[in-house]
Amino acid sequence: MKNHAVRGILIVLALAGAWLVGSPVAAQNNNGGNNNNNNGGGGGIQAAGVYIDANGVLRKKVFGDANVLVKSWQAKAKARLAGDLAKGSPLRKVSLNRLEAAVTEKLAAGKPIAEEMNCLAGLTRLQYVFYYPETKDIVIAGPAEAYGWDASGRAIGVDSGRAVLELQDLIVALRAYGPGGNATQEIAVSIDPTQDGLKKMQQFLVSLRGNVGRDDGDRIATGLKENLGLQNVTILGISPQTHFAQVLVEADYRMKLIGIGLEKPPVKMASYVDKASASQVSANAMQRWYFVPNYDCVRVSDDELAMELVGEGVKLIGENEVVRADGTRIEGAKGNKASELFCQGFTEKYPQIASRVAVYGQMRNLIDLSIAAAYIQQQDMYGKADWKMEVFGDESVCKVQTCETPKTVETACTVVWKGPNTFMTPVGGGVKIETLKALEKGSLLKDEKGTVQAAHQQVKLKDLAKSQWWWD
């Protein structure tokens, strides 16, 4: 029997662009045939990731009980690594120009790039950038530890579970802010529905009114998924064929799934679905969430030979749009308490989230690498060091564009009961990194206590062997 008056359903469509859609209809409290929940919520490290099929469609993949998987390789990883690589270090240093020379030697000999090079000697955070005029070394430094690969193939620290910085991502960042080139204004990822898909979705929702009952959850979810269709992935500022790009897309994708309740957060926090109510959202509203850097994150020494990245460096922000009947979008009214609380909670818990779900640690590392590369370019360390980056800058010699291009993301859908009324609020967004904002004079933090200068002066290079590119 159809119930024409029943209200109180929240229909949730997700994809990296994630969609929450409600209408005055009724349906079962189920997952609409798309059970994408992950088993890692509120507990240990999550082993999950994404893959891209032959058509460029990005999909999520879960690799089982992460806690068991981690324990199975921790001891083996430490035993496999030699010397200081098997140990932790509060401040490991990597000379970028020496590293390129070491990589060049490997490639010239027809040998693969060494594991410790690909994992930047186990760095789990880029904390400092130093330049040394006496030796012309450009150095990055930060904490490091023994590393291995989790079930999803990510390089992570054995003890902390934090994502390890990778050479391929460093190269992408350096190319975006290379010697003699123009600074990249924006590195960004956006996942958006098509106008035609939004139009068809609106029409489908209208067609449901007065013609559904509590047993129609699967039908509604399937219809919405089919009408909205695939959502487009746009990547700016870097090659879409890089690991760098894939990390940004995945981080955006999975953040949206957490927000709409399709993936459990690894720490205790409220999702958007937990907080949302019909009274907070106007009809046809579209909520967008973006990851951005915390631009007040750079502390510079007085002589500008050293900079430090401070804080966690990542914020989640929201904005509102309205979807018209023809599928076009315009700026909407400000103020959505549920969205504000979700963004605030995700930002505050980001350090804990990043330590448990490696893709968020990877994204933080990418932001740090981008800002560091922009600082190196801004200070003309390339010119001062006479470093032309001839190998790292040449794709034909040093290949990093080796990944499938994420072109679209498939819509997933779930159905959730939510109070006496209903609402419609699609969710879109992405990642937006405008590194130069962090280096504007108004954003830079002063080295008032001289700690950055002191850290720079404590690094000694005179005893390094000619081929040595990292040290503690």
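The values are calculated or read from the model by the stated rules, or taken from the named source; none is laboratory data. The structure presented is a predicted model; accordingly, all values stated were derived computationally and were not measured. Note: ideal-geometry Cβ built from the backbone for every residue, glycine included; neighbour counts use all protein chains shown.
Points to keep in mind about this one:
- Residue match in region 184-195 (condition: at pLDDT below 90, closer than 30 Å to residue 388 by Cα and not aromatic (Phe, Trp, Tyr)): no
- Condition met for residue 347 (in contact with a Lys or Arg (Cβ under 9 Å, 6 or more places away or on another chain), assigned to a helix (DSSP H, G or I) and either at pLDDT below 95 or surrounded by fewer than 17 Cβ atoms within 10 Å (Cβ to Cβ) (or both)): yes
- Residue in region 391-398 that is within 20 Å of the chain's Cα centre (by Cα), in contact (Cβ under 8 Å) with a residue 12 or more places away in the chain and closer than 30 Å to residue 57 by Cβ present: no
- Test: residue 164 is among the aliphatic types (A, V, I, L, M), over 17 Å from residue 82 (Cβ atoms) and at pLDDT 95 or above: no
- Entry remark, region 95-117: residues being assigned to a helix (DSSP H, G or I) and either of a type outside the set (A, V, I, L, M) or loosely packed, with under 13 Cβ neighbours inside 10 Å (or both) number 9 in total.
- Boolean, residue 146 is among the small types (Gly, Ala, Ser) and within 20 Å of the chain's Cα centre (by Cα): no
- Of all residues in region 144-165 being in contact with a Cys (Cβ under 8 Å, 6 or more places away or on another chain) and surrounded by 24 or more Cβ atoms within 10 Å (Cβ to Cβ), the one that is nearest to residue 394 (Cα to Cα): 165
- Residue under evaluation residue 115, criteria (1) in contact with a Leu (Cβ under 7 Å, 6 or more places away or on another chain); (2) over 24 Å from residue 375 (Cα atoms), criterion not met: (1)
- Residues within region 375-428 that are in a loop (DSSP other than H, G, I, E, B) and modelled with pLDDT of 60 or more, tallied: 26
- Region 181-206: number of residues that are more than 27 Å from residue 403 (Cβ to Cβ) and of a type outside the set (D, E, K, R): 8
- Residue within region 353-364 that is buried (at least 24 other Cβ atoms within 10 Å of the Cβ), in contact (Cβ under 8 Å) with a residue 40 or more places away in the chain, part of a strand (DSSP E or B) and not acidic (Asp, Glu) present: yes
- Scanning region 237-257 turns up no residue that is at pLDDT 85 or above, of a type in the set (Phe, Trp, Tyr) and either more than 30 Å from residue 356 (Cα to Cα) or touching a Gly at 6+ places or on another chain (Cβ under 6 Å) (or both).
- Residue check for residue 455: of a type in the set (A, V, I, L, M) and modelled with pLDDT of 95 or more: yes
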